[in-house]
Amino acid sequence: MNEINPIWRFVLCALALWRVTHLLAEEDGPWDLIVRLRAGLGSGMFGRLMDCFYCLSLWLSLPLAIWLSSGWIGLLVNWQALSGAACLLEKATQKAEQPPPASLAGTEVFEGETSCAVVKSEAQ
């Protein structure tokens, strides 16, 4: 069997990670299975994890990083790099956000996922 080039293996893992993370965090899934799973998890830690693409990509990238790596340093680098690649793909494929309605002018606006404290930032 031909061995896949490590760069292609990384690229394929990053694409697969983005796809699975996007399915779990943003889509309803076939027969609404994912949306029912999210509802069943509720507002607990795992329910909030399913609502944040960035957090979810970090944890889903760990098994792939273990598979890709051959040492502790490689594991740490691949773990962060895979999650970062998935986050970049997510940003690149997101639709442009509409500006807030005029009725919300002057109210506090947050960027990113409202359920993820890491992504919150106050608008100036």
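Nothing in this text is a laboratory measurement; each read-out follows from the coordinates by a stated rule. Predicted model only: the values in this text are computed from it and were never measured. When we count neighbours, we look across all protein chains shown, and the Cβ atoms used for this are built from the backbone with ideal geometry, even at glycine.
Under the simplified labelling scheme, the L41-I73 pair shows an inter-label distance of 3.4 nm, with each label point 7 Å from Cα along Cα→Cβ. Note on the range 6-94: dipole from Cβ charges, positive end direction compared against F10, L89, S69; the farthest Cα belongs to S69. Working from Cα pairs under 8 Å separated by at least six residues, relative contact order for the range 6-94 is 34 percent. At full extension, V11 and T93 could sit 27.9 nm farther apart than now, given 0.36 nm per residue minus the alpha carbon distance.
Tell me the Kirkwood radius of the range 6-94: reciprocal of the mean inverse pair distance over distinct alpha-carbon atoms, in Å. Answer for the range 6-94: a Kirkwood hydrodynamic radius of 13.4 Å.
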